[in-house]
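Each remark here refers to the structure printed beneath this line.
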Amino acid sequence: RGFILVALDRLDEARTTIETGRRFSEEHGIRWPLASYHAVRAFERFIAGHWDDAIAEIEAGAGLASETGHSYSLVLGRGLLALIRLHRNDLPGARDAAGVTAGQLPDVSPRQGNWSAWAQALLLEAEGELAQALAILGGCWDRCASCGLVREYPVIGADLVRLALAADDPGRARDVTAA
């Protein structure tokens, strides 16, 4: 629910929901979802523009994930970390975060892998690899479309349209815009 509230730009509600869930888990000794709460908090902090706070949440979540073995939230965290580093013009740091994401959990769902794929595509674009960036982000879009994950469209759609137009693929740009 917290993730959806962030996607709906209802950040105050999202923070309350995330904190309530985290507190409930801690009070009842349920440790396995705690890393996920940190990942969703990192997502909220990223969207709110509080990137240092997002990084702190990613690091805390990674520590809990290693303790509990509940590591699927690491994909979102590492993808967000790569995006933050990319936006801060730290290409080596972004490459490192994106590389860990790519090799860390190869069998992730589209929902889990979208942010890392988005970061990888933007990093490739920054390095001048337009065709490869378009292929990665286009593949991410196609996976989302095949499983009906439309809430990810606004996340990756604008960059996919931009990349498609730069690669002279107006059909792809038109289809993404229509969706």
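Here is how the numbers come out for the structure above:
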item	result
Filter result (over 22 Å from residue 150 (Cβ atoms) and surrounded by 15 or more Cβ atoms within 10 Å (Cβ to Cβ)) within the stretch 162-179	167
Close pairs from the stretch 1-27: first of a type in the set (Asp, Glu), partner assigned to a helix (DSSP H, G or I), Cβ under 7 Å, at least 6 apart	13/5
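No lab work stands behind these numbers, since they all come straight from the coordinates. Bear in mind the structure is a predicted one, so any value in this text is a computation, not a measurement. Heads up, the Cβs are rebuilt from the backbone with ideal geometry, glycines too, and the neighbour counts pull from every protein chain shown.
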